[in-house]
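Single-structure report; data block below.
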Amino acid sequence: MPTVDDRPPGSSTRRRFLAWTGVGSAGLLAGCSNERSPDDDTGDGGGTQSYDAQFDVFDPTTSATAHTDRHLNPFNPSQSGCWHPGANVFDQPILYSKPNDELYPHIATGWEKSDETTLDVTFSDQWTWHDGDQVVAQDWATQLQLALEILRSTAEPGERPHQVIESVEAVDDRLIRIHLHNSFTSKYVFQNWLNGSLGDNSRGLYTKHDGQWTQWLEQLRDAEGDEAESVLEEITTTSSPELSAETVGNGPFRVSAVGDIETIMVKYEDHPNAEDINFEKYSLKLFSDAEQPSQPYIAEQVDAAHRGFPVADDIESQLPDEHTLINEMRSSNKLFAFNCGYETDGETPFDSANVRKAVCHIFDQQQVEQLLQGVNRPFEWPPCRIPGEVLRDDTHPSVERVQNFTRYGQNDTDRAAELLREEGYERGEGGDWVTPDGERFEIRFMNAPDRPDFQVLGRNLEEFGIAVDQESFDQATFDERRQNGNYHMMPDASGADGVSTMWGTGLILEWLPSILHYPVEAEIPIPIGDPDGSSGTKTIDLAEHIVQWHTTDEERYHRELMWWWNQTVPEMEVMYEPNAGAYNGADWEIEMPDEGIRDVLYAAPKLSDGAIRYTGD
């Protein structure tokens with residue numbers, strides 16, 4: 001399933017790691033790809049007292065790609081290290097807080113609309129690459145241009161490669177000009193781009209504008225037909241540049257040593273915020289058998305973890321005395337995902353919204369609440385693509401708007417039977433439901449045995465007379481089957497951090513349709529709040545609605561989008577999980593201007609008003 005950040009998982013797994021239990025830092029660097037010691041390059045020190053301390057962080061891609069096999073090409077998601085540890089080695093032009101819907105300047109110091117469809121972005125002159133070269137506007141322009149060209153080469157004739165950005169140009173070393181399709185707000189442009197519609201590109205500035213990147217860009221622009229496909233394949237499959245001691249980044253830490261299960265980075269003294277960083281080394285550690293960061297965190301093998309908290313009730317007492325949560329405003333949804341069957345060859349009963357709604361009505365959510373153990377929380381509201389934390393806070397205007405939406409999960413078997421009969425399903429004499437073709441109605445769950453909500457749903461369906469078949473596949477097969485629409489239902493996990501970001505075009509129009517297979521044009525019953533449609537139906541185009549919402553600020557578009565989700569239920573929100581990280585405050589202190597900014601453990605030392613400080617002896 002996709003991770004909580006809504007990006008497809010990487011492929012090609014290599015399990016070449018030591019077990020997490022009993023592994024000390026001395027063993028972690030076994031098999032380093034270079035002979036350089038971190039102690040060789042601690043620099044001359046900055047304006048703050050500096051400690052030869054090392055900040056050890058749990059690598060969230062545990063049980064995945066070895067560090068020595070990772071690369072830093074953001075256009076190739078396979079075995080990519082752009083997220084970890086690349087997001088620590090490379091800085092972002094702009095940072096974004098999804099929960100608070102706020103932008104924070106970083107390498108980009110400011111932006112303004114020069115006209116309705118032109119956005120000018122000013123770059124700082126304070127950043128340098130780790131080889132000493134100046135970071136310039138052309139570097140980011142190259143990355144954006146290459147991403148747009150990749151999208152353009154795969155777009156259908158007449159289709160916009162990107163729903164928001166038309167083109168990008170570097171005016172000079174400090175000014176980037178972004179041309180837009182419509183009169184979008186500046187915040188929406190960056191929010192849409194930084195929401196991961198282009199995967200790891202949102203996590204940093206990776207491309208120096210000279211060398212291979214520019215060569216690829218020129219080749220892709222000039223190529224046609226088979227030649228263009230060849231260039232595209234090279235860009236999206238090449239594992240270059242490699243993660244190594246020769247990595248040239250632009251962030252506050254640079255790579256010093258890379259082993260299979262640990263990457264050590266040392267402070268880059270010429271970073272604009274270097275003098276406020278009082279420790280020398282930053283380590284990202286991989287643990288082969290630790291699916292949850294709480295295990296090495298409790299064993300004090302790491303000082304911090306990006307995610308994985310809060311923990312289950314039975315291990316809460318084992319946490320360090322100075323245990324401190326970070327990013328508490330972020331959360332993720334656990335959902336029932338349906339194969340809606342649009343433009344796929346796979347067979348699915350869920351090409352009908354009524355059948356999807358019937359299953360959601362059969363579900364008894366109260367039975368799931370009895371199985372939760374302190375990590376997940378029940379999603380107690382109608383499906384609407386609003387974060388659970390926002391609904392629980394009860395202050396956002398959308399909270400009132402969804403009060404009359406259809407509530408599922410109540411084990412309303414009468415309503416479920418009514419919906420199924422509308423689609424030609426019948427209940428046999430023995431109580432089993434049969435399809436319109438006269439076959440026993442059976443639903444296939446793909447890779448769902450570990451989800452308590454699917455366990456409950458399976459029992460509810462069988463008690464109702466619908467058969468359930470559990471199917472399990474390896475990750476590669478799972479990815480292939482969901483992309484091809486060869487499944488009925490599967491578990492999904494989706495980031496749920498902000499109201500507007502949950503409706504990003506890259507997510508709603510690209511990623512989710514690619515695994516759920518729903519059409520991006522649909523009919524909704526009207527008026528809103530009446531599932532029977534006493535006034536008929538209204539056809540909405542999702543792309544047009546999202547654009548209109550973010551150019552006019554008229555909330556009716558958002559309201560109709562939420563109603564579409566509620567009445568077509570391509571997915572049903574069942575549980576949500578606070579997606580916090582944590583650190584041991586015994587020796588460390590973290591400050592952030594906004595707890596909603598992504599990757600706090602990478603972002604804090606980069607920011608002038610943020611910090612990670614060593615406070616030990």
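Only one of (1) 23.4, 78; (2) 26.7, 91; (3) 24.9, 83 was calculated from the structure for Rg and Dmax of the Cα atoms in Å, and its label is (3).
In segment 368-494, taking the dipole from charged Cβ atoms about the Cα centre, the farthest positive-side position among N486, P382, G424 is held by P382.
A probe of 1.4 angstrom, applied to the heavy atoms of all protein chains, finds K357 with accessible area near 20 square angstrom.
In this structure M329 has an accessible area near 80 Å², from a 1.4 Å probe over the protein heavy atoms. If R0 equals 30 Å, the separation of the Cβ atoms of T413 and D469 corresponds to a calculated FRET efficiency of about 0.90.
The residue among T118, P449, G581 whose Cα reaches farthest toward the positive pole of the charge dipole of the chain, with charges on the beta-carbon of Lys, Arg, Asp and Glu, is P449.
Full extension of the segment from D314 to E159, taken as 0.36 nm per residue of separation minus the current Cα-Cα distance, would add 50.6 nm. What is segment 273-407 by shape, rounded, prolate or oblate, if you read a ≥ b ≥ c off the alpha carbon gyration tensor as root eigenvalues and call it rounded for a/c under 1.5, prolate for a/b larger than b/c, and oblate otherwise? Judged from the Cα gyration tensor, segment 273-407 comes out prolate (a/c at least 1.5, a/b above b/c). Using label points projected 7 Å from each Cα along Cα→Cβ, tell me how many nm separate T238 and D394, to one decimal. Here the answer is 5.7 nm between the modelled labels.
Could you tally the net charge around A522, taking each other residue with its Cβ under 10 Å from the Cβ of A522, Lys/Arg +1 and Asp/Glu -1?
Net of charged neighbours comes to -2.
Computed with a 1.4 Å probe on the full set of protein chains, the accessible area for D314 sits at about 110 Å².
Placing +1 on each Lys and Arg Cβ and -1 on each Asp and Glu Cβ, with no other charges, gives segment 463-579 a dipole about its Cα centre of roughly 160 debye. Solvent-accessible area of segment 164-259 (1.4 angstrom probe, protein heavy atoms only): carbon and sulfur portion equals 40 percent.
For the chain, the relative contact order comes to 21 percent (Cα pairs under 8 Å, sequence separation of at least 6). Neighbours of C384, meaning other residues whose beta-carbon lies under 10 angstrom from its beta-carbon, give a summed charge of +2 when Lys and Arg score +1 and Asp and Glu score -1. Looking at the chain alone, DSSP beta bridges between its own residues are antiparallel in about 80 percent of cases. Surface composition of segment 392-551: carbon and sulfur atoms hold 40% of the protein heavy-atom accessible area at a 1.4 Å probe.
Note on exposure: S256, S114, S244 ranked by accessible area (1.4 Å probe, complete protein assembly) read S114, S244, S256, with the most exposed listed first. Here each label is just a point 7 Å from Cα along the line to Cβ, and for Q215 and A586 those points are 5.1 nm apart. Note on R174 and E554: with the Förster distance fixed at 35 Å, the Cβ-Cβ geometry gives a FRET efficiency of about 0.45.
Sparse packing (at most 10 other Cβ atoms within 10 Å of the Cβ) combined with a DSSP loop state is found for none of the trypsin sites (Lys or Arg not before Pro) in segment 416-485.
The values are calculated or read from the model by the stated rules, or taken from the named source; none is laboratory data. Computed from a predicted model, the values in this text were never measured in an experiment. With ideal geometry, Cβ positions are generated from the backbone for all residues, glycine too; neighbour counts draw on all protein chains shown. Note: accessible area is taken over every heavy atom of the protein model, side chains too, but ligands, DNA and RNA are not part of it. Shrake-Rupley method; radii C 1.70, N 1.55, O 1.52, S 1.80 Å.
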